[in-house]
Amino acid sequence: MIRDYLPISKEDMKKRGIEQLDFVYVIGDAYVDHPSFGPAIISRILEANGYQVGIIAQPDWKDEESIQILGKPRLGFLVSAGNMDTMVNHYTVAKKHRKVDAYSPGGVMGKRPDRATIVYCNLIRKVYKDIPIVTGGIEASLRRLAHYDYWSDKVKRSVLLDSGADIISYGMGERSIVGIADALASGIAISDITFIPGTVYKAKNLDSVYDAILLPDYQSILASKEEFAKSFYKQYCNTDPFTAKPLIEKYKENEYVIQNPPAKPLTQAEMDRVYALPYMRDYHPSYEEQGGIPAIEELKFSLVSNRGCFGGCSFCALTFHQGRMIQTRSHESILQEANHLIWDKDFKGYINDVGGPTANFRHTACEKQKTKGVCVNKQCLFPAPCKNLKIDHSDYLNLLKKLRELLNVKKVFIRSGIRFDYLIHDKDRTFMKELCEHHVSGQLKVAPEHISDNVLKLMGKPSNDVYERFIKAYKKTNEEVGKKQFVVPYLMSSHPGSTLKEAVELAEYLRDLGYMPEQVQDFYPTPSTISTCMYYTELDPRTMEKVYVPKNPHEKAMQRALIQYRNPKNYDLVVEALQKAGRMDLVGFDKNCLIRPRNDRQGQYSQSGQNGQGRGKSTGNPKNTSFGKGTSGKPKKKKAIRNVHKAKK
């Protein structure tokens, strides 16, 4: 096998002695041959199985010739929008254009169209009328059935219908893409490939389907939000490869979209083989003059150790894409990759991350999952850890120790998410100690998301007292190891269930901590999450109970401003929010007030946060994140306040 980038031109094909490619892969990202990029894995998997693959990265979607540069492939086209949904890549939650695309040369925006999956497939179909088109990646995966589209505020059809593609390979597609390729190579028509797990296909009748679940038809979910919520929850309960059944979604007479159950998770040996493929581990050299690809900078010296997440956050799409079952690589596989990257000319001694969706998940949640799959109507960590949950960090600890001992390695960081609610329930405190002593760079980022238990319940997150316990244990451990390290909490505003009352509670909590975050994430309704279903339907699909949803942009701005109440630019919004919430007691000079009254004589706003106690500068410096216990509106005891100041020094 030639160790080189895959062909991107006819000249590259000649160098490899290829007259006609088996597959041409059209992608919305620039071409980066690194295992953190989905198209790289899929193309290398196909290559390892004997197929010749070429790459057309970011074609000009207005020019039909742009998808003809490699000629007509023998078996078909593959299409992926890239590592991100293009609408998320292009727009903020306020639907404003982003300025940087980290997956394009030089970070330049505008190299791909909105809804790239649909645009690329339609472009291919105009040129090659009957060629098989297989689409995949995060954009197609999460839009595989009818879904709410935040950017148009509409319920859209399956991307399979709007794109004109023949089949979707959803989730982590190593198994399904090889199955599709082998079927095509054996002469089976693309319309007859209806039997591969991890795929979605179109059908004119239901002759190929058995033991399936019939979802509400498309017209029903257009007409009724209740029907949409019911349909979504049936999909949510059929995401496990061991228990899921085929799902049927009818659009009209003789038009059905059928989702097969998910593909089985990869074994550890299979995961090892995937990451041992001959990646070049960098962007294609043709991008060098354009400034390279920004997204590779953090990923180049990071190591993937696992996939999947049993955390089950409502606003996360991992359940629909990677699944809830943890898949891991062996220590040997990870060390082999590490031994390769530490000799890279750009390596400075720092491994940026060792993790995955959740860094400290290194095994299935319980033994039952290995043979029977995950529980359909229960979560492993929420609302409290399941009695069968295996809480053990020993394997991850051993891996980190081995990496620290490698030549040239100065520090091994953990920057992908740590589930603090999993960690705090580990009775063995060794991992907490090792984390603080070796793997934090002064600041540990964790995601409590909110402090109101009403909101946390809808988020699928643990109650706030769990986060408080973690903060206390983290502070104590840092004192024991002689470190001054801090927590940077990720917070989310305007999640379904959050009224101004809960937003004020969060502001009071931050007041008691003496901390104002520099950035706050508004809830972003992306396809195929429980939270997005709640946003659209104003129902919790798990219970069908009504949920309050902040949708008005002005109210969302108020909720965000409350979290950053110390910023003088937010003064008017904070005052308005407090008025609407009936909490004008928080405007004044008392130590518990959020802001001072306006100084009418000077015609200026006072500096918020400088209350009667003279506490806290208006700053987002993470070092101001205290370890004291918040009281959500109740004054702290003097001792607690002194502890806050002590932690800040």
Kindly check whether there is at least one residue in the stretch 137-149 that is open to solvent by 30 Å² or more (accessible area, probe 1.4 Å) and assigned to a helix (DSSP H, G or I). yes
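Would a scan of the stretch 426-445 turn up a residue that is open to solvent by 40 Å² or more (accessible area, probe 1.4 Å), under 30 Å from Thr543 (Cβ atoms) and part of a loop (DSSP other than H, G, I, E, B)? Reasoning before the result, please.
So the first thing to find is which residues in the stretch 426-445 are open to solvent by 40 Å² or more (accessible area, probe 1.4 Å), and the list is 427-430, 433, 437-438, 441, 443, 445.
Now narrow it down to the ones that are under 30 Å from Thr543 (Cβ atoms): none.
Within the stretch 426-445, not a single residue is open to solvent by 40 Å² or more (accessible area, probe 1.4 Å), under 30 Å from Thr543 (Cβ atoms) and part of a loop (DSSP other than H, G, I, E, B).
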Strands (runs of 3 or more DSSP E) within the stretch 1-115 that include 2 or more residues more than 25 Å from Glu337 (Cβ to Cβ) and among the β-branched types (Val, Ile, Thr): 23-27
The lone exception for Gln68 - which of (1) under 30 Å from Gln521 (Cα atoms); (2) open to solvent by 10 Å² or more (accessible area, probe 1.4 Å) it fails: (1)
Number of the exception - His495 against (1) over 26 Å from Ile595 (Cβ atoms); (2) in contact with a Ser or Thr (Cβ under 7 Å, 6 or more places away or on another chain): (1)
Hits in the stretch 166-208 - residues which are open to solvent by less than 20 Å² (accessible area, probe 1.4 Å), of a type in the set (Phe, Trp, Tyr) and not in a strand (DSSP E or B): Tyr170
Of the conditions (1) open to solvent by less than 10 Å² (accessible area, probe 1.4 Å); (2) more than 24 Å from Glu65 (Cα to Cα); (3) among the aliphatic types (A, V, I, L, M), Ile133 clears all except one; give me its number. (2)
Residues of the stretch 547-570 being surrounded by 20 or more Cβ atoms within 10 Å (Cβ to Cβ) and either polar (S, T, N, Q) or farther than 30 Å from Tyr233 by Cα (or both), in sequence order, are Met558, Gln559, Ala561, Leu562, Ile563, Gln564, Tyr565, Arg566, Asn570
What's the number of the condition Gln443 fails, among (1) over 28 Å from Thr529 (Cβ atoms); (2) in contact with a Pro (Cβ under 9 Å, 6 or more places away or on another chain)? (1)
Of the numbered conditions (1) farther than 23 Å from Gln519 by Cα; (2) open to solvent by less than 10 Å² (accessible area, probe 1.4 Å); (3) assigned to a loop (DSSP other than H, G, I, E, B), Ile124 fails exactly one; give the number of that condition. (3)
Members of the stretch 511-546 that are in a loop (DSSP other than H, G, I, E, B) and open to solvent by 10 Å² or more (accessible area, probe 1.4 Å): Met516, Glu518, Gln519, Val520, Tyr524, Thr526, Ser528, Glu538, Arg542, Thr543, Met544
Inside the stretch 112-133, can you point out the residues that are more than 22 Å from the chain's Cα centre (by Cα) and touching a residue at least 60 places away in the same chain (Cβ under 8 Å)? Tyr120, Leu123, Ile124, Lys126, Val127
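For the stretch 306-420, which fully contained helices (runs of 4 or more DSSP H) count at least 2 residues that are farther than 28 Å from Asn464 by Cβ, open to solvent by 40 Å² or more (accessible area, probe 1.4 Å) and not aromatic (Phe, Trp, Tyr)? Steps first, please.
Numbers: elements: 318-321, 331-341, 369-372, 394-404.
The qualifying helices (runs of 4 or more DSSP H) are 331-341, 369-372, 394-404.
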Filter result (in a helix (DSSP H, G or I) and either touching a Phe, Trp or Tyr at 6+ places or on another chain (Cβ under 7 Å) or open to solvent by 50 Å² or more (accessible area, probe 1.4 Å) (or both)) within the stretch 209-227: Tyr218, Gln219, Ile221, Leu222, Ala223, Lys225, Glu226, Glu227
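The values are calculated or read from the model by the stated rules, or taken from the named source; none is laboratory data. All values reported here derive from a predicted model rather than from experimental measurement. All Cβ positions, glycine included, derive from the backbone under ideal geometry; neighbour counts span all protein chains shown. Accessible surface areas use protein heavy atoms only, side chains included; no ligands, DNA or RNA. Shrake-Rupley method; radii C 1.70, N 1.55, O 1.52, S 1.80 Å.
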